[in-house]
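What follows is a short report on a single structure.
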Amino acid sequence: MCRAASSPDHCVSAPCRFAELGVEHLGAVAAVERESFANPWSAEELGWVVQEESGVCVGLWVAEELIGYGLGRTAGVRFHLASLAIAPAWRRQGWGGRLLLEMLRRARRRGCQGCRLEVRTGNRAAISLYLRWGFRQEGRLARFYTRPVEDGLVMYREL
Ligand SMILES: CC(C)(COP(=O)(O)OP(=O)(O)OC[C@H]1O[C@@H](n2cnc3c(N)ncnc32)[C@H](O)[C@@H]1OP(=O)(O)O)[C@@H](O)C(=O)NCCC(=O)NCCS
């Protein structure tokens, strides 16, 4: 087990709540998605992920506001983290790390032993976040992303 991820609680002071995402949350999730990605998934596309049986889809609320979400799915003992975002006004306050660890905790509870993800090579914030919480680069996928075309880094950590 990777010991890098103990608890990021030290950097977060406001009370928060994690909960599984349902179709009723898709409007709020899509709003954060639009603020976070150049090619956002639509509410309909997000709905497919949220309703998958293997899905691990978690929202993060502060008071009544959805400030972030993570989407992933299990495949045997592997967990694939497909998306993670924090609304711009809430970034650099430790929420991304806290959400990431909650996703990993839930994947571990479902029997997963490792987590894999892909990230744009130019996404410095996300790469730093993943490195900070124990992920290591495992490979590189040429021209993995479109609009704009960019290579992807494959990152992995044990759970
Ligand atoms: C990536 C993202 C989720 C990080 O969320 P966050 O709440 O800002 O993350 P944290 O506050 O927990 O940051 C933890 C660490 O990540 C790194 N980090 C986060 N944002 C960074 C930035 N803009 N530049 C450099 N490092 C950054 C730092 O190491 C940071 O620790 P520090 O603040 O002590 O220096 C957020 O920037 C985001 O939603 N981006 C748009 C969506 C996205 O790209 N998601 C990833 C898809 S793979």
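The values are calculated or read from the model by the stated rules, or taken from the named source; none is laboratory data. Small disclaimer: the values here were computed from a predicted structure and weren't measured. Note that we place each Cβ from the backbone using ideal geometry, even for glycine, and neighbour counts take in every protein chain shown.
Answer yes or no as to whether Leu159 is more than 9 Å from the ligand (Cβ to nearest atom) and among the aliphatic types (A, V, I, L, M).
Working: more than 9 Å from the ligand (Cβ to nearest atom): yes; among the aliphatic types (A, V, I, L, M): yes.
Against the criterion (more than 9 Å from the ligand (Cβ to nearest atom) and among the aliphatic types (A, V, I, L, M)), Leu159 qualifies.
From Arg116, Arg105, grab the single residue that is at pLDDT 95 or above and farther than 16 Å from Leu131 by Cβ.
It is Arg105.
Six or more apart or on different chains, Cβ atoms under 7 Å: show the pairs whose first residue is in the range 124-138 and more than 15 Å from Trp95 (Cα to Cα) and touching a residue at least 60 places away in the same chain (Cβ under 8 Å) and whose second is outside any helix (DSSP H, G or I) and more than 6 Å from the ligand (Cβ to nearest atom).
These pairs meet every condition: Gly134/Cys2; Gly134/Ala4; Gly134/Ala5; Gly134/Arg157.
If you go through the range 40-50 one residue at a time, do you hit one that is crowded, with 17+ Cβ neighbours inside 10 Å and among the β-branched types (Val, Ile, Thr)?
yes
Output the qualifying pairs, or none if there are none: Cβ atoms under 7 angstrom, residues six or more apart or on different chains, first residue in the range 40-51 and over 22 Å from Arg147 (Cα atoms), second residue crowded, with 17+ Cβ neighbours inside 10 Å and of a type in the set (Gly, Ala, Ser).
That search, which allows pairs on different chains as well, returns nothing.
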